[in-house]
1. Where a Cα-Cα gap under 17 Å defines reach, which lysines qualify for Lys3, not counting those fewer than 8 residues away within the same chain?
2. What chymotrypsin sites (Phe, Trp or Tyr not before Pro) does the stretch 18-96 have in DSSP loop regions with at most 16 other beta carbons within 10 Å?
3. Sort out for me the Cα centre separation of the stretch 52-67 from the stretch 121-165, rounded to whole Å.
4. Pairwise over distinct Cα atoms, reciprocal of the mean inverse distance: report the Kirkwood radius of the stretch 27-254 in Å, one decimal place.
5. Using 0.36 nm per residue, how much length does the chain from Glu118 to His7 gain when fully extended, once their Cα-Cα distance is taken away?
6. Loop only by DSSP, 15 or fewer other Cβ within 10 Å of the Cβ. Give me the GluC sites (Glu not before Pro) in the stretch 73-133 that pass, ordered by residue number.
7. With each pseudo-label sitting 7 Å past Cα toward Cβ, what's the Glu308-Gln234 distance in nm, one decimal?
8. Just grab the label-to-label distance for Lys360 and Arg272, each label 7 Å out from Cα along the Cβ direction, in nm (one decimal).
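None of the figures in this text is laboratory data; all of them are computed from the coordinates on show. Keep in mind the model is a prediction, meaning the values are calculated, not measured. Please note: Cβ atoms are built from the backbone with ideal geometry, for glycine as well, and neighbour counts cover all protein chains shown.
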Amino acid sequence: MEKLAIHGGVPVRSPDQPWPRWPVWDEQERSALLQVLESGKWNYGERVHTFEAAFATFQKADRCVTATSGTTALETCLLALGIGPGDEIIVPPYTFMATASVVLRVGATPVFADVEAETFCLDPVAAADAVTPRTRALLPVHFGGLMADMDALRDLAARHDLFIVEDACHAWGTIWRDGTGAGAVGDCGCFSFQMSKNITAGEGGAIVSNNPDLAERCRSYTNCGRGAGTGWYQHFLMGSNLRMTEFQAAVLSAQLTRLPEQVAVREKNAARLNEWLGEVPGLYPTPRGDELLRRSYHLYCIRIEPEEFGCSRQAFIRAAAAEGVSFSPGYPVPLYRQPMFVERPAPPDYRSVSCPNTEKLCAVSAMWLPHYLLLAEERDMADIAEICRKVQRHAGEIGD
Ligand SMILES: Cc1ncc(COP(=O)(O)O)c(C=O)c1O
């Protein structure tokens, strides 16, 4: 009789079936790094600009300006748009801290608006409710690589004369329905190349924009406030040094050669999972996003409805891990519950913020699989599906 692995049964996957590892690298990265080393030219030069041009092309954007991280890229965009004290920026609370901390860092106020339960992305209706006369920008996150509803957010921005800064730190390769890449659909957008990301140099970031003046201001902020074509000792803006090194650009250029193929493999495997897991009672994969011409997956996100599935999220995760796949429960609390917000002198009083969809995702239902699992074979996706089905068949036996 079939038994769960946590109860001594045979797991769906044996330990000698490893999942793909991350990062992926080979001789290309090794020789590119050696070339930089031996060139003696290690800082911000030709390789950085070559990577910027290639990334802009890949991301279907006119301009790309690199930075030291996704965080500093976001902060740069806000500064370049002239956002500061007295301004409010609407952000989702289901995100990494940087989406909101950068708003505080430029002296403005993050205003939290809930996400949609189905997509984990900023809900345009909640965003509209959060608009006040002080609102200057929307900062949607394309969570896991799925884009927020940019048609609705662009309408909202147009009605209230707001900027849109896209946190596209999970969305390298995602393309909106009109052929514009994530990041360039709004005024500007930011990407992360940190270690866990789908294209990485350990750390790094980038801004894309179709607005040449804005891109130029971003460039200046990242390059000590210098102007285009002006002297090295001429500083026009209160910029910083957020420049990428040639080592990072060399690694990223090598990584970029693999990215289109990896995006395609992940998309194909995610489609299989959507089909199979969508048939398991109580499991709800986030949609692919039919409006997207291409969908990148940084995270494969899914919800569990415990009543329907038959056990809690933590019980599911424990049982699934024993069968051979590790789901993450994701963010444990909404971002506005962090001490950074709760302990801030009011106003606003972040202790009174409540975003029910985000609260439920954090406490009860959200689960993530990392992008590199989607680089495995279709038979490995079939194993994930079988693990979910098996745990569901025995959900009543697991306890909490
Ligand atoms: C949604 C989101 N925004 C911003 C960032 C910040 O990127 P970085 O770690 O490169 O500063 C991250 C990083 O994980 C992220 O997940």
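1. Partners found: Lys390.
2. Qualifying residues, ordered by number: Trp25, Trp42.
3. Centre-to-centre distance over Cα atoms comes out at 23 Å.
4. 17.6
5. 36.7 nm
6. Here the sparse-neighbourhood loop sites are Glu118.
7. 6.2
8. 3.1
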